[in-house]
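Novice: First the structure, which I've put down as structure tokens, then a few questions once you've had a look.
The values are calculated or read from the model by the stated rules, or taken from the named source; none is laboratory data. The model shown is predicted, which means the values in this text are computed figures rather than measured ones. Here the Cβ is made from the backbone with ideal geometry for all residues, glycine too, and neighbour counts use every protein chain on show.
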Amino acid sequence: MAAAHRAPQALILAPRGRDASIAASLLKEVGLGARICADLDALTRDIGADTAFLVMTEEATRGADLRNLVGQLEAQSSWSDLACIVLTSRGGGPERNPAAARISEALGNVTFIERPFHPTTFTSAARTALKGRLRQFEARARLDELRESGERLTTALTAGRLGSWELDLKTSELIVSETCKANFGRGPEQSLSYGELLSSIHPDDRQRMREAVERSIADNTDYVIEYRVLWPDKSLHWLEVRARVVSDEAKGTSSLVGVSSDITDRKTSEENLRRLNETLEERVAERTAELKRTHELVLTEITQRERAEEQLRQAQKMEMIGQLTGGVAHDFNNLLMAVLGNLDLLRKHFAADAKAARLIDGALQGAMRGAALTQRLLAFARRQDLRVEATDLVTLVGGMTALLEKSVGPDIEMRFDPPDETFWTLIDPNQVELALLNLVVNARDAMPEGGIVSIGLDTPTPPSALNLGAGPYLRLSVTDTGQGMDAETVSRAIEPFFSTKELGKGTGLGLSMIHGLAVQLNGALRLESHVGRGTTAELWLPATTAVAHPEPVIADSNEILAGDAVPRSTILFVDDDFLIAMSTVDMLEDLGHEVIEANSGAAALEILRGPDPIDLMITDYSMPKMNGGQLTEEARRLRPDLPILLATGYAELPDNSTLDVPRLGKPYLQQQLAAEIAKLINVRHPGTADATASERV
């Protein structure tokens, strides 16, 4: 920052008379302060940077030694040219007065005023001198600013490690700072000519540098470039150079003036970042290509994750619905058990009454339809009791062809091209037949104006989206050329009670039942559909190498009911449901058996610990505190040879269960109950039916 200066004032040396006071008074009128000096030495000492000009009388300098004064004036700054007003006697100007001429020669910038003078003459000369001095002060201020700017520039260049340089475009003379030399690997004492500068530039960058210089000179544009330089120690560095053309019209010269900075660290970082980016780009490209390949084969990773999340949400939702549905269906099953059991017995008592028998049969049919609905609900909940056996799907589908053709009607063409080989799988044939019929009926309903239904059997590799276990699978597919479904409808198609059919034309349980059946058989149901292009339903089932074996022939149920094939037995019946216990006990007693009732597992074990002979135990599976499976294990410890029949509305035995007991599905009729008892009693007492019966009676 420029130093502060005091207000300018004139110095007056007029030791005789009133000249000093008059001059000071006149200067005051023009707004300028003045200081009256006692002698020449005082005047010389008081001259400073803020002195406006000098006022002296000729006689004050006559015979005086002016060397100190002259030395003081010669020592002035380059901007300063201090004026002096000399008051002479009449006719005492320098042209006629040698003393005045000596003053003019010694002091330089001198104005002579002859006395006596008019005040206007003096004030005019004072104003002229002051005006000139003020212009000098302005020059001083500009010089101060330039000096400070130069100092700030030097500080900035040093702080920014910027080297300054100037190239004379005519002579190619190069002037460089120490920092600029350092940028080119030179020490302060070493030279750096323009030729040496050019030779230090990397050969691959040299021509580019020359072209940039020429372009800057020709177009009068800024010169900005980055290039590599080789230091004397052969190390490689990067420089950033900026400059512009500066012309001196007075001298008729032009120079390229600029700065240089070492950007090696930045370039190294950029290079490292570039390599990192290239590596990342390569990895991204590889990953993108991999994702693209994946998309072209299965789906992208993101789509897979989204689909997996959606499947998980759907599975969780279906699991919750399944648990609720299974619980409701189980309770409904128990109610139907009581209804069917009592109706079955009641029918026997009214066999001779045609009207009553007809009414009872109607009630039985309604109850059986309710049982079928319950089975569908349990199938959706994956809790229905399946009778799994090795089955050839080719034979199963072939045997249903006639039924399927009648089901679709004359306006729809059925197509099934059976493969030559067999397709063995472990399934419940009746349930799969119902599932296939349901799929075909759905296909028919999707083609109200006719179309084609195609049934296919093949063995492709399951898509990973199905999340099936390892091993070979069979695919039973039903494809129609109907209306098709959008994605949202497909996603909801297996929800229970969801249907696109008109009210009264479907329960909405068909696909949910098939889904539950497929999962229970360790398979899957897959739907693929597009609006206007039809639907394909795929039932995926595990393949097996097992083949079907004929079951042993048992007595006809009618014969069993006649009482000739089954001996009268003592049966322990266990069930916590009062209505089921009442109807089943009545059915057993109607068959001629003696029944001991227990309403819990604990009560049954107390009876088994007693001395009473028991030929068979029939127990419900789902009971509080101790279920039928746990009761069976405890009962076998007490009576290892005791036959046990497990009655259950659904197969909910744990996966790690080792129980090997026959099961009777709820709801059951007396005829079914008698058939299962006959199997167990005949196995235990072969050929002793009559003797045992007589002993019991």
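Novice: Condition first: in contact (Cβ under 8 Å) with a residue 12 or more places away in the chain and surrounded by fewer than 16 Cβ atoms within 10 Å (Cβ to Cβ). Now tell me which residues in the range 227-245 satisfy that.
Specialist: Pass one, the range 227-245, residues in contact (Cβ under 8 Å) with a residue 12 or more places away in the chain: 227-233, 235-245.
Once the filter is applied, which keeps residues that are in contact (Cβ under 8 Å) with a residue 12 or more places away in the chain and surrounded by fewer than 16 Cβ atoms within 10 Å (Cβ to Cβ), the range 227-245 yields 231, 232, 233, 235, 236, 242, 244.
Novice: When only residues in the range 183-212 that are among the hydroxyl-bearing types (Ser, Thr, Tyr) and either surrounded by 13 or more Cβ atoms within 10 Å (Cβ to Cβ) or within 56 Å of the chain's Cα centre (by Cα) (or both) count, which is nearest to residue 235 (Cα to Cα)? Steps first, please.
Specialist: Residues of the range 183-212 that are among the hydroxyl-bearing types (Ser, Thr, Tyr), as a first pass: 191, 193-194, 199-200.
With the extra rule that they be either surrounded by 13 or more Cβ atoms within 10 Å (Cβ to Cβ) or within 56 Å of the chain's Cα centre (by Cα) (or both), the set shrinks to 194, 199-200.
Details: 194: 20, 199: 14, 200: 11 Å.
Selected residue: 200.
Novice: In addition: Take the conditions over 60 Å from the mean Cα position of the chain (by Cα), buried (at least 17 other Cβ atoms within 10 Å of the Cβ), farther than 28 Å from residue 631 by Cα and modelled with pLDDT under 90 and apply them to residue 557. Does it pass? Give the derivation first.
Specialist: Values: over 60 Å from the mean Cα position of the chain (by Cα): yes; buried (at least 17 other Cβ atoms within 10 Å of the Cβ): yes; farther than 28 Å from residue 631 by Cα: yes; modelled with pLDDT under 90: yes.
The answer is yes for residue 557.
Novice: Next up: Can you pull out the residues in the range 424-453 that are of a type in the set (A, V, I, L, M, F, W, C), in contact with a helix residue (DSSP H, G or I) (Cβ under 9 Å, 6 or more places away or on another chain) and closer than 19 Å to residue 526 by Cα?
Specialist: Matches in the range 424-453: 427, 432, 434, 435, 436, 437, 439, 440, 441, 443, 453.
Novice: Being at pLDDT 85 or above and either among the aromatic types (Phe, Trp, Tyr) or crowded, with 20+ Cβ neighbours inside 10 Å (or both) is the filter here, so list the residues in the range 560-577 that pass it.
Specialist: Here is the first cut: in the range 560-577, the ones at pLDDT 85 or above are 568-577.
Result: 569, 571, 572, 573, 574, 575.
Novice: Looking only at the range 39-46, decide whether some residue is assigned to a strand (DSSP E or B), in contact (Cβ under 8 Å) with a residue 24 or more places away in the chain and assigned by TED's automatic domain parsing to the domain that holds residue 136.
Specialist: Residues of the range 39-46 that are assigned to a strand (DSSP E or B), as a first pass: none.
Within the range 39-46, none of the residues are assigned to a strand (DSSP E or B), in contact (Cβ under 8 Å) with a residue 24 or more places away in the chain and assigned by TED's automatic domain parsing to the domain that holds residue 136.
The rows are residues; the columns are (1) surrounded by fewer than 18 Cβ atoms within 10 Å (Cβ to Cβ); (2) within 14 Å of residue 536 (Cα to Cα).
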{"site": "413", "(1), (2)": "yes, no"}
{"site": "427", "(1), (2)": "no, no"}
{"site": "438", "(1), (2)": "no, yes"}
{"site": "447", "(1), (2)": "no, yes"}
{"site": "463", "(1), (2)": "yes, no"}
{"site": "476", "(1), (2)": "no, yes"}
{"site": "485", "(1), (2)": "no, yes"}
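Novice: Given the condition assigned by TED's automatic domain parsing to the domain that holds residue 667, more than 15 Å from residue 338 (Cβ to Cβ) and more than 59 Å from the chain's Cα centre (by Cα), answer yes or no: does some residue in the range 579-586 qualify? Before the answer, list the steps.
Specialist: Initially, the range 579-586 is screened for residues assigned by TED's automatic domain parsing to the domain that holds residue 667, giving 579-586.
From what's left, more than 15 Å from residue 338 (Cβ to Cβ): none.
The answer is no; no qualifying residue exists.
Novice: Pairs, please: C-beta under 8 Å, at least 6 apart or cross-chain, first residue assigned by TED's automatic domain parsing to the domain that holds residue 465 and in a helix (DSSP H, G or I) and in the range 276-296, second modelled with pLDDT of 80 or more and hydroxyl-bearing (Ser, Thr, Tyr)?
Specialist: No pair meets every condition.
Novice: Follow-up question, since we're still on this one. So which residues in the range 255-284 are of a type in the set (A, V, I, L, M, F, W, C) and over 26 Å from the mean Cα position of the chain (by Cα), if there are any at all?
Specialist: Step one: of the range 255-284, the residues of a type in the set (A, V, I, L, M, F, W, C) are 256-257, 259, 263, 273, 276, 280, 284.
Once the filter is applied, which keeps residues that are of a type in the set (A, V, I, L, M, F, W, C) and over 26 Å from the mean Cα position of the chain (by Cα), the range 255-284 yields 256, 257, 259, 263.
Novice: Return the residues of the range 167-222 that are of a type in the set (Ser, Thr, Tyr) and assigned to a helix (DSSP H, G or I); say none if nothing qualifies. Don't jump to the end; show me each part of the working.
Specialist: If we filter the range 167-222 for residues that are of a type in the set (Ser, Thr, Tyr), which is where we start, we get 171-172, 177, 179, 191, 193-194, 199-200, 216, 221.
Result: 179, 194, 199, 200, 216.
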